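Reviewing the structure listed below.
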């Protein structure tokens, strides 16, 4: 099929629809408004569930409820709205409910502004809600990935019975690019032996996160950790770009990885061996990929649209073997390819 | 990389600068080139300024944001003032002399003044087609995407409103053929 020119936010919707989305629950906020708007039309015409909830908190809890019944459900929002959804995310992690949550990030903290940003890394990757849990976090950097990763995220969420977050940004959400809608419509799904779909003819099941009996919660946490270990082993993903001979390796995700790529091309044209490791999953973080290229002669540079969050994980991965620098801007400010190139030049000295 | 054009289309909210951008991006797609389109969004409103950025290349595109634009369409004075400082020596700049006082910018030899709104209003009979006149004028100077693919893009973009296809193609040609 010919490629279609669509916004990242629309590509994301198409990915969810092709994955067999049963229910979308949303609440408006820029820069993700295309998602509820598009879904309000599509879901209804497909005879599926669309609810504009009374709040972000309600929308996230509707995802929890719908997924508990074995359905595929999604909610989307932008940074301030994602803060409001955190209660449900912690509960979903505790109850092992596989929903998909989309954050098209904008500037913060607080209500912030509507410009694209990458300041919610800590929130997405390090917790956000309470308790010892992880979301599986993907960071698409183009419209094609908004489509493909969203499509895939439902399978991954269900495979591990774990909520998945798509950590996007306002720029990737708002920009249009040609997208190849190459996925087959999913119509058959693995049977879920845990879901609450009516207990006629079988033992009743329950899914809960309140585990008061002596030692039960601790054991539950240990079981979760085992699952997280498996996810770390299986799902960490990164795109490597010209790293083999690189003396300077940029680590960057989402929109800033694209800006960085321009800078790397310019650096190479100037005879500087620069490359990039782009985390496609932020949790699990592609620690091994980074570790492999950490050498005393190699300098790392984390480029983010915030004032330094992912850089902490880069430092942990590098573990003192290479130097790690940072370049970023906050509050919707955008690092330019020239800024990145200048920093590369500075590191080269 | 033989082709790399970063184009900003800027004007008043309501002048169709977002649509003009999508037509350019769609044309690039029709021509089998890589393209990105990025809008100003949200805080803009009718009567305020709006802009869209289109990047067209024969190679994978990194940033969708134009840090060193090679082309500008400015449909009103505010937009020309806003983006002129970002343009380089070799940039292609088209300004709408129907809404911009050309005398004020006389010293800047890069700017090509075209009475875009007037052409849309008088020749095409619909002032809303000014954005397409501008697209036609731009591609005359940039050569990429070509007229044939812009025509195809107009047909694709207006496939749900076929009554508007001819008018918009006429507008593109009016801009393209303006001397």
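Condition check: in contact (Cβ under 8 Å) with a residue 24 or more places away in the chain, buried (at least 24 other Cβ atoms within 10 Å of the Cβ) and over 13 Å from the mean Cα position of the chain (by Cα). Does residue A:101 satisfy that?
No.
Looking at the range A:161-182, which of its residues are away from chain B (no Cβ under 14 Å) and not in a loop (DSSP other than H, G, I, E, B)?
A:164, A:165, A:166, A:167
Assess whether residue A:323 counts as being buried (at least 17 other Cβ atoms within 10 Å of the Cβ), in contact with a strand residue (DSSP E or B) (Cβ under 9 Å, 6 or more places away or on another chain) and either in contact (Cβ under 8 Å) with a residue 12 or more places away in the chain or within 14 Å of another protein chain (Cβ to nearest Cβ) (or both).
No: the conditions fail for residue A:323.
Scan the range A:324-340 and give yes if some residue there is under 21 Å from the mean Cα position of the chain (by Cα), over 19 Å from residue A:142 (Cα atoms), outside the structural domain of residue A:144 (by TED's automatic domain parsing) and assigned to a helix (DSSP H, G or I), otherwise no.
no
Residue-by-condition table, conditions (1) in contact with a strand residue (DSSP E or B) (Cβ under 9 Å, 6 or more places away or on another chain); (2) crowded, with 17+ Cβ neighbours inside 10 Å:
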position: A:40; (1), (2): yes, no
position: A:69; (1), (2): no, no
position: A:73; (1), (2): yes, yes
position: A:82; (1), (2): yes, yes
position: A:91; (1), (2): no, yes
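Per-residue answers, yes or no, for (1) under 22 Å from residue A:286 (Cβ atoms); (2) crowded, with 23+ Cβ neighbours inside 10 Å:
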| position | (1), (2) |
| --- | --- |
| A:116 | no, yes |
| A:122 | yes, no |
| A:125 | yes, yes |
| A:143 | no, yes |
| A:148 | yes, no |
| A:151 | yes, yes |
| A:195 | no, no |
| A:204 | no, no |
| A:207 | no, no |
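Restricting the search to the range B:58-69, which residues are touching a residue at least 60 places away in the same chain (Cβ under 8 Å) and either buried (at least 19 other Cβ atoms within 10 Å of the Cβ) or outside any loop (DSSP other than H, G, I, E, B) (or both)?
B:66, B:69
Yes or no: the range A:277-289 includes at least one residue that is without any contact (Cβ under 8 Å) to a residue 12 or more places away in the chain, not in a helix (DSSP H, G or I) and not assigned by TED's automatic domain parsing to the domain that holds residue A:98.
no
Any idea which of A:254, A:271, A:308 is outside the structural domain of residue A:163 (by TED's automatic domain parsing) and crowded, with 20+ Cβ neighbours inside 10 Å?
A:254
Quick check: is even one residue across the range A:183-205 in a strand (DSSP E or B), farther than 24 Å from residue A:302 by Cα and more than 19 Å from the chain's Cα centre (by Cα)?
no
Take residue B:3 and decide whether it is over 16 Å from the mean Cα position of the chain (by Cα), away from every other protein chain (no Cβ under 14 Å) and touching a residue at least 60 places away in the same chain (Cβ under 8 Å).
Yes; evaluated as a whole, the condition is true for this residue.
Could we say that residue A:276 is within 14 Å of chain B (Cβ to nearest Cβ), under 29 Å from residue A:229 (Cα atoms) and either over 22 Å from the mean Cα position of the chain (by Cα) or buried (at least 23 other Cβ atoms within 10 Å of the Cβ) (or both) here?
For residue A:276, the condition - within 14 Å of chain B (Cβ to nearest Cβ), under 29 Å from residue A:229 (Cα atoms) and either over 22 Å from the mean Cα position of the chain (by Cα) or buried (at least 23 other Cβ atoms within 10 Å of the Cβ) (or both) - is met.
Which one of these is touching a helix residue (DSSP H, G or I) at 6+ places or on another chain (Cβ under 7 Å) and at negative phi: A:15, A:65?
None of the other options fit; the residue is A:15.
Within the range A:242-252, can you find the residues that are in a loop (DSSP other than H, G, I, E, B) and within 14 Å of another protein chain (Cβ to nearest Cβ)?
A:242, A:252
Taking the criterion of being within 12 Å of chain B (Cβ to nearest Cβ), part of a strand (DSSP E or B), buried (at least 18 other Cβ atoms within 10 Å of the Cβ) and touching a strand residue (DSSP E or B) at 6+ places or on another chain (Cβ under 6 Å), would at least one residue in the range A:222-238 satisfy it?
no
More than 9 Å from every other protein chain (Cβ to nearest Cβ) and either modelled with pLDDT under 95 or surrounded by fewer than 22 Cβ atoms within 10 Å (Cβ to Cβ) (or both): does that describe residue B:45?
yes
Looking at residue A:262, is it within 14 Å of chain B (Cβ to nearest Cβ), part of a helix (DSSP H, G or I) and out of contact with any helix residue (DSSP H, G or I) (no Cβ under 8 Å at 6 or more places or on another chain)?
no
Only one of these is surrounded by 24 or more Cβ atoms within 10 Å (Cβ to Cβ), out of contact with any helix residue (DSSP H, G or I) (no Cβ under 8 Å at 6 or more places or on another chain), more than 9 Å from every other protein chain (Cβ to nearest Cβ) and at pLDDT 95 or above: B:55, B:23, B:8. Name it.
The match here is B:55.
The values are calculated or read from the model by the stated rules, or taken from the named source; none is laboratory data. Owing to the predicted nature of the structure, the values given are computational and were not obtained by experimental measurement. Positions of Cβ are backbone-derived with ideal geometry, glycine not excepted, and every protein chain shown enters the neighbour counts.
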